[in-house]
Amino acid sequence: MNNQERDILTTLHTHTYTTQRHLSDLTGHSLGIVNRSIKNLTREDYLTPDLTLTEKALQEFRSKSPRNAIILAAGFGMRMVPINMETPKALLKIHGEVLIERTIRHLHEVGIQEIYVVVGFLKEQFEYLIDEYGVELVVNASYAAKNNLHSLVLALDHLSNSYVIPCDLWCEKNPFCQHELYSWYMVSDRMVSDTSVRVNRKMELVSIPQGDSGNSMIGIAYLVEEQARVVRKKIRRLCRDASYDGAFWEEALYENDRMTVQARVVPAEDVVEINTYEQLRELDEGSAHLKSDAIAVIAKTLRCREDQVTDVEALKKGMTNRSFCFVCRGKKYMMRIPGEGTAQLLNRREEAEVYRALEGRGICDRILYINPENGYKITEFLENARACDPGNEDDLKACMEKLKAFHREEIRIGHVFDLFKKIDFYESLWNGAPSVYRDYPSTKEKVLSLRPYIEDHVEKRVLSHIDAVPDNFLFVKNERGEEDVRLIDWEYAGMQDPHVDIAMFCIYSLYDKCQVDRLIDIYFEGACPEEIRIKIYCYISVCGLLWSNWCEYKRNLGVEFGEYSLRQYRYAKEYYRIAQERLKGGDGYA
């Protein structure tokens, strides 16, 4: 029995038979296919001559019909900023109905009561579903660091004759059925460029080159046990490979250049995926979720109506914040919303003080609004800006010249960024838990032993950026069409030895020692005194431990930084050794 015949058989099971033309309309198959399928199904004893299903057909349905559903609802929904700070996408209310509740209601309508919801971000908000709808919650603790492949792996024991469903769909019609006979993956008939598949003439989903047009992927899938068995095995294998930490679960459906399941194509108007603030507004302009406090702040700052804030688009998630850009009256802006746990890490009043000190100096981007209480910040968007390439010599020279010019201004403010106090502070945020590194106590002791040498070689303390990393040096075109450098993101800035900024640039760039020495030579134009070079090595060790402790705190919040975190700890250990080797006991510090 092929899939066309399965479609005919399913339709006969769920609808009263009238004519073959009616069957053709219901299934989307031609009259010729309908006629041929009926003949084959009758010959193979799935249908009687009067087109009644036989016991053989009913047994086929019993073995392959849906048993349960798995809803994937663990992610941040980063593209939904500024909404998702308070509400997960699955719990958005559209036209008076909560998204995930609509999905559950559709499942109940076809008799599916066994429903597993994989949660992570704001997981507590889903708890009511247990009592109200009888679902089972499955908690994904690594939702912040990994994609939904690692959500589905947690529910694999239930994956058999199952629907797999993303949480962010508004389905106009019920997409589920009491009876299924084969595995499929749902796509839209709308052709788009940001997809990886298209439907061929055989109703197969084949891979396409990036940028080519294909069918929009909706994400609902049905897997009968035969395919589910293969998918379970493949997901377990992929999840053991760290290179798939960012993968979608659909990766397990591919074999060579195509998916192993059939396409199910639906009209674009039947299913709407809600990924962005703009898509929500388009679907339900009256949604209460559109009344975001961030949008209200924008409207007040720019003296516009909230509906004049358009083209809201999330930017890449940073280590500390979430940001999005938007357009108002034809001009583009950017808004920052602080990320998880930043209230404990940063003093927003001190940040506001820094921006007041920088105002009018041409050093940073233009700040239109900053709230010293919650950290919300609005800036003019720097069009066609590009970040510094830490591997490009010309970029490094321009950035170090900008950094040096800033340091020479010797700006003074009222607070200090004390490296050693911050190390202890970040450690205190672990709430008594030991470090994940077994030799942390001895590593910390060695790093702290560098303090006397550092303090004896500090020439001055001025306003320093502290987070002077390549991503925060932006190249923008000035009025003459020449590239100028702007230094952005000053939330860690404070009074400090300016040479700390050189160390910070190095460790964020994951430089090796040759690259470190090259950057020092660029900053000092080849004339760095030996004692200052050693001091910068010491700062690399100290700052490595500082950010390693910071990463451990963020890790406890579910935010993982992979290689960056490990490398910071390595800098702490390796540059302690390098500094000691250079000192050789001659200055009495070894």
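Only the coordinates and a few stated rules stand behind these numbers; no lab work does. Here the structure is a predicted model, which is why all the values come from computation and not from measurement. All Cβ positions, glycine included, derive from the backbone under ideal geometry; neighbour counts span all protein chains shown.
Tabulated values for the structure
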{"read-out": "Residues of type lysines that residue 402 reaches as a straight line, Cα spacing below 24 Å, ignoring anything fewer than 8 places off in the same chain", "value": "377, 460, 477, 513, 535"}
{"read-out": "The chain: mean projected area of Cα convex hull, nm²", "value": "31.3 nm²"}
{"read-out": "Inter-probe distance in nm under a simple model that places probes 7 Å from Cα toward Cβ, at residue 157 and residue 513", "value": "5.1 nm"}
{"read-out": "Residues in the stretch 454-473 that a label on residue 413 would reach, taking backbone N under 16 Å of a point 7 Å out along Cα→Cβ", "value": "461-469"}
{"read-out": "Student exercise, the chain dipole from Lys, Arg, Asp, Glu Cβ charges, in Debye to nearest 20", "value": "460 debye"}
{"read-out": "Nearest-0.05 FRET efficiency for residue 368 and residue 190, computed from C-beta distance (R0 51 Å)", "value": "0.85"}
{"read-out": "Net +/- balance of residues flanking residue 337 in space, Cβ distance below 9 Å, scoring K and R +1, D and E -1", "value": "+3"}
{"read-out": "Eligible lysines near residue 39 by straight Cα distance, threshold 23 Å, same-chain separation 8 or greater", "value": "56, 64, 202"}
{"read-out": "Estimated FRET transfer efficiency (residue 108, residue 346; beta-carbon r; R0 41 Å; 0.05)", "value": "0.35"}
{"read-out": "Residue-wise HN-Hα coupling along the stretch 159-176, computed from phi with Karplus coefficients 6.51, -1.76, 1.60 (Hz; x: Gly, Pro)", "value": "7, 6, 6, 10, 8, 10, 9, x, 8, 10, 10, 10, 9, 5, 10, 5, x, 9"}
{"read-out": "Partners for residue 146 among lysines (Cα-Cα distance below 24 Å; same-chain residues under 8 apart left out)", "value": "89, 123, 233, 234, 316, 317, 554"}
{"read-out": "Dipole magnitude (debye, nearest 20) for the stretch 323-426, charges at Cβ of Lys, Arg, Asp, Glu", "value": "360 debye"}
{"read-out": "For residue 216, residues with placed amide H under 5 Å, excluding near neighbours", "value": "188, 190, 192"}
{"read-out": "Gain on full stretching of the segment that runs from residue 275 to residue 237 - 0.36 nm per residue minus C-alpha separation", "value": "10.8 nm"}
{"read-out": "Spherically averaged projected area in nm², based on the convex hull that wraps the Cα atoms of the stretch 315-450", "value": "11.6 nm²"}
{"read-out": "For the stretch 478-493, Karplus couplings with θ = phi - 60° (6.51, -1.76, 1.60), whole Hz, Gly/Pro x", "value": "8, 4, 8, x, 8, 7, 10, 10, 10, 9, 10, 6, 9, 6, 9, 4"}
{"read-out": "Local electrostatic count at residue 525 - Lys and Arg +1, Asp and Glu -1, tallied over other residues with Cβ under 12 Å", "value": "0"}
{"read-out": "The chain: antiparallel DSSP beta bridges as a percent of all, rounded to 5", "value": "70 percent"}
{"read-out": "Length-normalised contact order for the chain - Cα pairs under 8 Å, 6+ apart - percent", "value": "10 percent"}
{"read-out": "Coarse-grained scattering of the stretch 352-420 at q = 0.23, 0.27 Å⁻¹, given as base-10 log I(q)/I(0) from a Debye sum over alpha-carbon atoms", "value": "-1.21, -1.21"}
{"read-out": "Largest-first principal axis extents, alpha carbons of the stretch 58-196, Å", "value": "49, 40, 32"}
{"read-out": "Cβ-derived FRET efficiency at R0 56 Å, residue 257 paired with residue 401, nearest 0.05", "value": "0.70"}
{"read-out": "Length-normalised contact order of the stretch 101-199 in % [C-alpha pairs under 8 Å, at least 6 apart]", "value": "28 percent"}
{"read-out": "Gyration tensor verdict on the stretch 131-284 (Cα atoms; rounded if a/c is under 1.5, prolate if a/b is larger than b/c, oblate otherwise)", "value": "rounded"}
{"read-out": "MRE, 222 nm, helices only [DSSP H, n ≥ 4, -39500 (n - 2.57), over the chain, to nearest 500]", "value": "-11500 deg cm²/dmol"}
{"read-out": "Packing-based ranking, highest mean first, of 115-121, 456-462, 372-378 given that Cβ atoms within 10 Å are counted", "value": "115-121, 372-378, 456-462"}
{"read-out": "Beta bridge orientation in the stretch 168-322: antiparallel %, DSSP, nearest 5", "value": "75 percent"}
